[in-house]
1. Where a Cα-Cα gap under 20 Å defines reach, which aspartates and glutamates qualify for K158, not counting those fewer than 8 residues away within the same chain?
2. Pop out the ³J(HN,Hα) list for the range 17-27 in order, Karplus 6.51 cos²θ - 1.76 cosθ + 1.60 with θ = phi - 60°, rounded to Hz; leave Gly and Pro as x.
3. Can you tell which of I201, T185, V109 lies farthest toward the positive end of the dipole of the range 68-253, using +1 and -1 charges on the Cβ of basic and acidic side chains (Lys, Arg; Asp, Glu)?
4. For the chain, what is the charge dipole size about the Cα centre, in debye to the nearest 20, if Lys and Arg each add +1 at the Cβ and Asp and Glu each add -1 at the Cβ?
5. Hey, can you rank 182-188, 216-222 by average C-beta count inside 10 Å, highest first?
6. Could you check the simple spin-label distance between Q56 and R129, using points 7 Å along Cα→Cβ, in nm with one decimal?
7. Could you compute the net charge surrounding V38? Neighbours are other residues with a C-beta less than 12 Å from the C-beta of V38; K and R count +1, D and E count -1.
8. Tell me the volume per residue, in Å³, of the convex hull enclosing the alpha carbons of the range 3-62.
Amino acid sequence: MNNTLLKGLAVLELLSRSRQALGLTQIGKELEMSKSNVHRLMQALVETRFVLRDEQTGAYTPSIKLWELGSAVLGKLDLRRHAERQMESLMEFAGESVHLSVLDGTEVVYVHKVDSERPVRAYTQIGGRVPAYCVATGKVQLAFAREHVLESACAALKRHTDATIIDRDEFLKEMRKVRQRGFATNRAEWREGVHGLAAPIMDARGFVIAAVGISGPAERFRKTVLPAWADAVIATAADISDALAGERSPAALNRLRFGTSSAPPT
């Protein structure tokens, strides 16, 4: 097998799993390669757009091209098909629109939705993009993303409503809160009068690959229902994760403990 190819793949895997950008010395140390060999590999990977180089620091990060390839694989795994049943159940329970999204840089792309049957409801477009830092499905994916992705989101913070978090320290505090409780909320941070709640979907290795969430008019996101909705969204995300990992069982299918909340009010 081509030794250069194996080394190149090892570099890509290392960068993809790292929570921060890596320099030539770090890469060489991790993979037990000489700095000159690493430099040649990185030149090729940058030229083919699989890797980005920060001109100021000289450090490297994986590019969106890897995400594009991963998205193609994700499509073959049929995320939508695995999520359909659980999303419909969640919509029936909460009565609000349910969205499925994946993270693309500092944006989320909506890949599927189940609309609420109520006449007044939240609206999203499949294939549509929005800033990840101000919607629930985006915030929950950013909270578990690599450090350089989170830093890019902080640099992109921009006000869309009076409720949008635009202070870096406040946003990072919000990310820590999301990681601790396992779900994210959106309180009219993207669109006036629209709230949301979302939880992460993980692959078999525990990496966050998508998010599922509900959104709707702010007046319906009352404190009395939020704990149960949080449990429902978390359980839905867990069931989809199990299905993607091929570990779905009757117990998993019945794990939607709607109405038995252990999540704190938000």
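Every number in this text was worked out from the coordinates using simple rules, so none of it is lab data. Bear in mind that the values here come from a model prediction, so they are computed numbers and not experimental data. When we count neighbours, we look across all protein chains shown, and the Cβ atoms used for this are built from the backbone with ideal geometry, even at glycine.
1. Leaving aside aspartates and glutamates fewer than 8 places away in the same chain, those within reach of K158 are D104, E107, E147, D167, D169, E170, E174, E189, E192.
2. 8, 6, 8, 8, 5, 10, x, 4, 4, 4, 4
3. T185
4. Details: 36 positive and 31 negative charges, 50 e Å.
Dipole of the chain, to the nearest 20 debye: 240 debye.
5. On the way: 182-188: 21.9, 216-222: 16.3.
Final packing ranking: 182-188, 216-222.
6. Spacing of the two 7 Å Cα→Cβ label points: 2.3 nm.
7. Working: positive: K7, K29, K35, R40; negative: E30, E32.
Neighbour charge sum, excluding V38 itself: +2.
8. On the way: hull volume 4.3 nm³, N = 60.
Here the figure is 71 Å³ per residue.
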